[in-house]
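Structure, as C-alpha cells:
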Amino acid sequence: MNLKILLRHQNKKGNMQKETHIDWSSLGFEYLPVDSHIRYRWENGKWDKGRLLRKHEISLPIAAACLHYGQECFEGLKAFARKDGSVGIFRPLENASRMNRSARRILCPELPEELFMDAVKRVIEANRHFVPPYGTKGSLYIRPLMIGSGAVIGVGPSDIYDFIVMVMPVGNYYKEGISPVKAIVSDAFDRAAPYGTGSVKVGGNYAASLLQSKIAKKEGFPIVLYPDSKTRSYVDEFGTSNFIAVSKDGAYVTPDSESVLPSITNDSLMALARDLGIPVERRPVALSELPDFVEMGACGTAVVITPISEITYGSRVIKYGSECGPTLRRLYDRLTGIQFGDLPDEHSWLETV
Ligand code: PLP
Ligand code: COI
C-alpha cells in the first residue's frame, strides 16, 4: 500500500480534531482501516440499535457458522463527494433489498430497510473525512456484511448474527481505470450453478472464483468471464461484475441469466442507455456472438465500467480495441457525471447525507 496517511486526533475533552492526509491520487481498491465501523447484533429474534466501534477486529466463537459453513452475505455501494461538499450515496435502497434477497437464500434474518440506511448513514458521518474530495475521482466504498456468529457444528443456520458496515476510500478497481483490460473465458472452473447462489451476493461465490482468478492473472488476464455452468455456451458474467457489450447496430447487450448477480450499475446503465436512445437488449448471449460485438465491458460498483480490449476464448483472441469505445465512454461519463453531481440526477438515484 503506497498511501500516505496521517491522522491527528486532538483534544482530550471529546472534541475530536481530525486531520486526514491521504494521497487521494494513488488510491486503488485496497483495504484501508478508517476510524470506525458500525455493528448490529441479531439475537433472540431481534436487531439491537447498533454501535460504532473504533476497532478493526471482531471476536467470534471458533465454531461460528460463517467460519465453517459460509453463512455470510455482503453488499457493495459507494458514496461520492460533490462540488458543494455534500455527499451522495448511490442507490442504497437497491443494495438493502438485494442484501435481503441474499439473506433469505442463506437463512440469515431480514434486515429492515431503515436499519440498513441508519447503518450506512451513521458510518459515513463518523468517517466523513475519508470521503475522497470532489475532483480526485475517488469515492467512499461502503461494504455491508452479515455473518452467522453463533456456534454450530452440525450443518445448520446460526442463532446469532452480526450486521457490519465498513467503509474505505477507493480509486480504480483495476489499475487501468477506464483503459481497457484483457479478459479470458474460464474453461476450467465454474462460478455459479443453475439454481445455486450466483444471483445472490454470498462470500462462497467469490471463494469459488479465487483459483481461476489467480491462474488468469498469472497468464496476464486481470478479469475472467464465466460461461453458464450448464451448457458452457452462453455468457454469464465476470467474477467481479456484469458483462455488457455493444452490438454492430449500436445496441447495449447484456445477458439474461438466472445465475448472475442483478447488478445495480447495469440496471442504471440500461436506464441511461434508454435515456440516450440506445436500444437495450437483455437476452441470452451466446459465446459464439463474442466476435460480433464492437465494444465490451465489465460493469459494477467497484469496477464502474471497465472496458475489455480483447478476450481469449479457447484458442481465439477477439479484439475490441485499446481505447474505450464511444458508447461505453458516453455511458461512463453520464453515470459518473451523475454520481459526482456534475449532471442532473434525473432518476433520483442519490441519497444525500
Ligand atoms: N456481479 C458480481 C459477481 C459482482 O460481484 C458485482 C459487484 O457487486 C456485480 C456483478 C455488480 O453489481 P453492482 O453493480 O450492484 O455492484
Ligand atoms: C462491488 O462491486 O461492490 C463488489 O462487491 C465486487 C467485489 C468483487 C469487489
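Only the coordinates and a few stated rules stand behind these numbers; no lab work does. This one's a predicted model, so the numbers in the text were calculated from it and none came from an experiment. Methodologically, a virtual Cβ is constructed for each residue, glycine included, from the backbone with ideal geometry; neighbour enumeration extends over all protein chains shown.
Take the chain, mark every one of the GluC sites (Glu not before Pro) that falls in a DSSP loop and has at most 16 other Cβ within 10 Å, then report the longest stretch left between them, sites excluded.
111-175
Can you work out the Karplus-derived ³J(HN,Hα) for every residue in segment 233-244? Use 6.51 cos²θ - 1.76 cosθ + 1.60 with θ = phi - 60°, whole Hz, and x for glycine or proline.
Working through the residues one at a time gives 10, 10, 7, 9, 7, 7, x, 10, 5, 7, 8, 10 Hz.
Percentage of Cα-Cα pair distances in segment 3-170 greater than 20 Å, rounded to whole percent?
Here the tail beyond 20 Å accounts for 55 percent of pairs.
Given the options S259, S97, S288, state which has the largest fluctuation in a GNM of the chain using a 10 Å cut-off (strictly under) for Cα springs.
S288
So which chymotrypsin sites (Phe, Trp or Tyr not before Pro) in segment 195-274 end up in coil per DSSP with only 13 or fewer other C-beta atoms within 10 Å?
In loop regions of segment 195-274 (DSSP not H, G, I, E or B), the sparsely surrounded chymotrypsin sites (Phe, Trp or Tyr not before Pro) are Y195.
Counting other beta carbons within 10 Å of each Cβ, put M99, M117 in order, fewest first.
Neighbour counts put them in this order, fewest first: M117, M99.
For E281, which sequence-distant residues (separation of 5 or more, or a different chain) have an amide H within less than 5 Å of its own amide H, given hydrogens modelled in the peptide plane?
Under 5 Å from the amide H of E281 lie the amide H atoms of Y252, V253, T254, each far enough along the sequence or on another chain.
What ranking do T336, T301 get, fewest neighbouring Cβ atoms within 10 angstrom at the top?
T336, T301
Would you compute, from DSSP H runs of 4+ residues alone, the mean residue ellipticity of the chain at 222 nm, taking -39500 (n - 2.57) per run and dividing by the full residue count, rounded to the nearest 500?
Only helices count here, giving -6000 deg cm²/dmol.
Quickly work out the S26-to-D292 label distance, labels modelled 7 Å from Cα along the C-beta direction, and quote it in nm with one decimal.
4.7
By the gyration tensor of its Cα atoms, with a ≥ b ≥ c the square roots of the eigenvalues, what is the shape of the chain: rounded for a/c under 1.5, prolate for a/b over b/c, or oblate?
Judged from the Cα gyration tensor, the chain comes out oblate (a/c at least 1.5, b/c at or above a/b).
With +1 assigned to the C-beta of every Lys and Arg and -1 to the C-beta of every Asp and Glu, and no other charges, what is the dipole magnitude of the chain about the Cα centre in debye, to the nearest 20?
Around 1040 debye, computed over the chain.
Residue farthest toward the positive end of the dipole of the chain, with Cβ of Lys/Arg at +1 and Asp/Glu at -1: which of F29, V224, H347?
F29
So which of K78/K175; K182/K218; K175/K217; K55/K214 end up more than 21 Å apart by C-alpha?
Result: K55/K214 exceed 21 Å.
Contour minus end-to-end for S179 and T136, with contour as 0.36 nm per residue of separation and end-to-end as the Cα-Cα distance?
13.7 nm
Classify segment 124-257 as rounded, prolate or oblate from the Cα gyration tensor: take a ≥ b ≥ c as the square roots of its eigenvalues, call it rounded if a/c is under 1.5, otherwise prolate when a/b beats b/c and oblate if not.
Oblate.
Name the trypsin sites (Lys or Arg not before Pro) in segment 178-248 that are in a loop by DSSP and that have at most 15 other C-beta atoms within 10 Å, would you?
When the trypsin sites (Lys or Arg not before Pro) of segment 178-248 are filtered for loop state and at most 15 Cβ neighbours within 10 Å, K230, R232, K248 remain.
Quick check: residue separation of E43 and H68 times 0.36 nm, minus the Cα distance between them. What number comes out in nm?
That pair, E43 and H68, stretches by 7.0 nm at full extension.
GNM, the chain, Cα, under 10 Å: largest mean-square fluctuation among A245, A302, A151?
Greatest mean-square fluctuation among the candidates belongs to A151.
Between F130, A188, S322, whose Cα lies farthest towards the positive end of the dipole of the chain when Lys and Arg beta carbons carry +1 and Asp and Glu beta carbons carry -1, centred on the Cα centre?
The residue sitting farthest along the positive end of the dipole is F130.
For segment 175-317, what class follows from the C-alpha gyration tensor (a ≥ b ≥ c being the square roots of its eigenvalues): rounded when a/c is under 1.5, otherwise prolate if a/b is larger than b/c, else oblate?
Judged from the Cα gyration tensor, segment 175-317 comes out rounded (a/c under 1.5).
Taking springs between alpha-carbon atoms closer than 10 angstrom, which of T231, T197, T312 fluctuates most in the Gaussian network model of the chain?
Most flexible of the set in this elastic network: T231.
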